[in-house]
Amino acid sequence: MEKTIPLTELKRAIKIAPSILGGDQSNLAGALDIAVKGNADQVHLDIIDGHFAPNITFGPGAVKALRKRTDMKFDTHLMISEPENFVDKFLDAGSDLFCFHAEALTGERFDALYSKIHARGKVIGLALKPSTEMPAWVEQRLDKLDTLTVMTVNPGFSGQSMIMSVMPKLERITQMLNDKGLPIDIEIDGGVELETLGNVVLRGGNVLVAGAGVYYRPDPVQAVGILREKAKQAIATGAP
Ligand code: DX5
Ligand code: ZN
């Protein structure tokens, strides 16, 4: 079998994060309610500006309206080129986790965003596209992160297949975070389904974003729990 992280080193709690981009775009509230009813740990909100990635989704107005429905952690994945222009709007809208793309930032710009977000009691994450290796400025700031997101599809759309060539990078990241004793979440975003999740869970991924994996299923509410059970089973048995 391919190399995986020893089971004893998989210490992070499994969390399921339905991505409402995979839900009915004319009924985002309904998609959020499915995540809540399914007892998801957090809900993943994909913000895309048509510039950083080739799609346009929803903005702070939608996030603010959704915020009224639940206290669930809003995991806001900002696939936008100039996040500084929107961070205040998403803070006011009620985002909890601000996950920026490393490709869109520098260390100095990250530091300014970090100060602003922490001053409001919220947390920050960084995402890496499938082909992006961790830049030195990110490695130097890992202790400031709540979440490191490893993208396993190229940003833009729900329903793509997991890119398996990302697996060695995921292993390196898990190893690095474990060696540094950093218990931060390792989020996997893209193509997470029942059939694929074992591959990432056994390499240390613990927050499983699922668009199609939840919303394309016949019973999306039930799918949340089924994904969680499958992930726990993979960790218990070592079989993907
Ligand atoms: C892609 C988004 C993902 C996407 C995941 O740009 O960041 O969060 O919604 O969808 P699935 O799980 O269907 O790949
Ligand atoms: Zn996402």
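The values are calculated or read from the model by the stated rules, or taken from the named source; none is laboratory data. Being a predicted model, the structure only gives us computed values, none of them experimental. Methodologically, a virtual Cβ is constructed for each residue, glycine included, from the backbone with ideal geometry; neighbour enumeration extends over all protein chains shown. Please note that ligands, DNA and RNA were not included when accessible areas were found on the heavy atoms of the full protein model with its side chains. Shrake-Rupley method; radii C 1.70, N 1.55, O 1.52, S 1.80 Å.
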Report summary line: Any residue on another chain or 5+ positions along whose placed amide H is under 5 Å from the amide H of MET162 is listed here as none
Report task. Using Cα positions and a limit of under 24 Å, work out the lysines in reach of LYS144, with same-chain residues fewer than 8 apart set aside. Result -> LYS11, LYS15, LYS73, LYS89, LYS116, LYS122, LYS129, LYS169, LYS180
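Counting pairs of alpha carbon atoms under 8 Å apart in space and at least six apart in sequence, what relative contact order in percent does segment 113-197 give? Let's see the in-between values first.
Values: 101 pairs, mean separation 26.6, N = 85.
Here the relative contact order equals 31 percent.
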Report summary line: Taking SER19, SER115, SER158, SER131 and ranking on accessible area (1.4 Å, protein atoms only), highest first, one gets SER131, SER115, SER158, SER19
Query raised in the report: Can you give the relative contact order of the chain as a percent, counting alpha carbon pairs under 8 Å and 6+ residues apart?
Result: 24 percent
Query raised in the report: What is the percent of Cα-Cα separations in segment 1-87 that go past 19 Å?
Result: 47 percent
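Past the 19 angstrom mark, what percentage of all C-alpha to C-alpha distances in segment 97-180 do you count? Before the final figure, lay out each step's value.
Details: 1357 of 3486 pairs.
Cα-Cα pairs of segment 97-180 separated by over 19 Å account for 39 percent.
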Report task. With a 1.4 Å probe and every protein chain kept in, tell me what percent of the accessible surface of the chain is carbon plus sulfur. Result -> 52 percent
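Placing unit charges on C-beta atoms (Lys and Arg positive, Asp and Glu negative, everything else neutral), compute the dipole magnitude of the chain about its Cα centre in debye, rounded to 20.
Numbers: 26 positive and 30 negative charges, 94 e Å.
Dipole magnitude for the chain comes out near 460 debye.
To the nearest 20 Debye, how big is the dipole of segment 112-199 about its Cα centre, given +1 on the beta carbon of each Lys and Arg and -1 on that of each Asp and Glu?
Working: 9 positive and 11 negative charges, 96 e Å.
For segment 112-199, the charge dipole is close to 460 debye.
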Report summary line: Here the relative contact order (percent) of segment 141-240, from C-alpha pairs under 8 Å and at least 6 apart, is 28 percent
Report task. Count the DSSP beta bridges whose two residues both fall in the chain, then state the antiparallel fraction as a percent rounded to the nearest 5. Result -> 5 percent
Query raised in the report: Under a no-solvent Debye model with one identical scatterer per Cα of segment 109-240, what's log10 I(q)/I(0) at q = 0.12, 0.13, 0.14, 0.17 Å⁻¹?
Result: -0.49, -0.57, -0.66, -0.93
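Give the accessible surface of the chain per residue, rounded to a whole number of Å², with probe radius 1.4 Å and ligands, DNA and RNA excluded.
Accessible area per residue, the chain: 42 Å².
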Report summary line: Summing -39500 (n - 2.57) over every DSSP H run of at least 4 in the chain, dividing by its residue total and rounding to the nearest 500, the 222 nm mean residue ellipticity is -9500 deg cm²/dmol
Query raised in the report: At q = 0.22, 0.25, 0.34 Å⁻¹, what log₁₀ I(q)/I(0) does a Debye calculation on the Cα points of segment 13-52 give, no solvent, two decimals?
Result: -0.69, -0.81, -1.16
Requested in this report: Treating the Cα atoms of the chain as identical point scatterers in vacuum, please give the log10 of the normalised Debye intensity I(q)/I(0) at q = 0.07, 0.11, 0.15 Å⁻¹, two decimals.
Outcome: -0.20, -0.50, -0.99
